[in-house]
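The values are calculated or read from the model by the stated rules, or taken from the named source; none is laboratory data. Source: prediction; values computed, not measured. Because the Cβ atoms are built from the backbone with ideal geometry, glycine has one as well, and the counts that use them run over all protein chains shown.
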Amino acid sequence: MTTFRRDGDVDVSRSIAKIAARMNARVTDINVNISRGIEDEIPELRADVHTVELLGASVGGNIDTLLHALQHDIPAARIHAPVAAIEYTRRLAQHEVPLNALVRAYHVGQRRLTELVFAELRATDTAPVDQIIVMEAITTRLFEYLDRIIQQVVVVYEGEREQWLDDRNSARALRVREVLAGKGTVDIDAATESIHYPLHWFHLALIVWYPDARAYGDELAGLQRFVRELAEVADTGARPLFVADDRMSAWAWLPYRSAQPDAVARVRGFAAACPDAPRVAIGTVASGVPGFRRSHRLAQGARSVALAQGDAEPSIIAASDPGLSVAALLSGGIAEVGEWVCEVLGDLAADNENDARLRETLRVFLHSGSSYKAAAAELDLHSNSVKYRVERAVSRRGRPITEDRLDVELALLVCHWYGLPVLRPDTA
């Protein structure tokens, strides 16, 4: 690494340290700025809600490392990719996101961080001629740091990709993915024999996963054990089908000889009673190959809603939960959905306990056919209390709900399922 000390009247290292310290004071805003920039420029990184969450953690770890290195003049040779960046790299490899997208993300991040550093430098009282010297030094250091980290994550990606392909490329897993892809005609008997699962029966698809906070190294074994024990309690007609998605999540199907109206309730009951249960997203019972695919798609939609809620994600969520399937259709553009919700609900979309209570009361009231009595029974309130809250909710919205009731109902439904990501920060 090139060492910068003093050139003329400017102490380059001290100037860089001051800039890095000032940026550290607003590192959260910088992380958000760069994360959003990467998401906007590289669509491949937006394919999965879970990896988008990890992207933010990875950016945060890298920015913290780089600013710390700049502030304390740490040589590039001593820089190591942060844990969050390593885990994000592994997850991209598991989800078949191209390595090129990952490398581009680092270059986009480097460009945006450099722009922010230069803006910070221009805001100082450093003389213009000295600013050029400091800019050159910062550019050199950031290049050296990022080059070092990129080399490390590329090695991690390639190693993880090779290992993951070895683990996943069994004939059974590949055949399941082929059936799900729906390309060409499926020979049901041949596929059933290949994956050892009765595709002509009825199916209930599940997606099971552990949150990233858990990292004991035995997650897939734990998920498989959970599905196996669940199938015994759920009284399936054959052994369940289990396919790893990545090292923290898996797909599963429960087979039944006939339609089972209470199958979802059985899964929910077992998972709720299991102390070490993973998160569970449940599809609907459907038959044959089309049902096998549809139930899985619905489970994926349910999971996308759960993950969009972040830390507040429910431990058990089902596609048959009222309104969830509609909410799942909106998960791809949650930022735009949030803007629409705020337009429809006005001040009622504020993120606070009082408005949350008013929103839920209004949602139940409208869902109950605008019956105060029915809503009161569901909410365990007096009908006068429901009436008061409904009036307060309409008042908070700022206009009646008679002309756009459907929009209001949908906006309230979105708030119910997504919560914070679609709400307006409380300014009261």
Within segment 400-421, of all residues that are of a type in the set (D, E, K, R) and free of Cβ contacts under 8 Å to residues at least 60 places away in the same chain, the one farthest from S325 (Cα to Cα) is E403
Those residues that are among the hydrophobic types (A, V, I, L, M, F, W, C) and either surrounded by 15 or more Cβ atoms within 10 Å (Cβ to Cβ) or assigned by TED's automatic domain parsing to the domain that holds M248 (or both), I need them from segment 140-164; list them, please. L142, L146, I149, I150, V153, V154, V156, W164
If we keep only residues of segment 71-108 that are β-branched (V, I, T) and over 22 Å from the mean Cα position of the chain (by Cα), then the residue surrounded by the fewest Cβ atoms within 10 Å (Cβ to Cβ) is I74
Kindly state which helices (runs of 4 or more DSSP H) lie completely within segment 154-259 and contain at least 2 residues that are over 25 Å from A273 (Cα atoms) and within 23 Å of the chain's Cα centre (by Cα). 171-181
Determine, yes or no, whether S304 is assigned by TED's automatic domain parsing to the domain that holds I207, out of contact with any Cys (no Cβ under 9 Å at 6 or more places or on another chain), in a helix (DSSP H, G or I) and polar (S, T, N, Q). yes
Taking segment 66-93 and keeping residues touching a His at 6+ places or on another chain (Cβ under 8 Å) and closer than 18 Å to T139 by Cβ leaves I74
Got a number for residues in segment 201-213 being at pLDDT 95 or above and over 20 Å from P261 (Cβ atoms)? 2
Being closer than 18 Å to P98 by Cβ and in contact (Cβ under 8 Å) with a residue 12 or more places away in the chain is the filter here, so list the residues in segment 153-176 that pass it. V153, V154, V156, Y157, E158, E160, R161, W164, R168
Consider E343 carefully, then state whether it is within 17 Å of D404 (Cβ to Cβ) and not assigned by TED's automatic domain parsing to the domain that holds P314. yes
How about segment 278-295: which of its residues are surrounded by fewer than 24 Cβ atoms within 10 Å (Cβ to Cβ), under 20 Å from the mean Cα position of the chain (by Cα) and not basic (K, R)? P278
Wholly within segment 341-428, which helices (runs of 4 or more DSSP H) include no fewer than the required count, namely at least 3 residues that are under 30 Å from the mean Cα position of the chain (by Cα) and among the acidic types (D, E)? 353-367
For M1, all conditions in the list (1) assigned by TED's automatic domain parsing to the domain that holds A119; (2) modelled with pLDDT under 90; (3) within 25 Å of R141 (Cβ to Cβ); (4) surrounded by fewer than 19 Cβ atoms within 10 Å (Cβ to Cβ) hold save one; what is the number of the exception? (1)
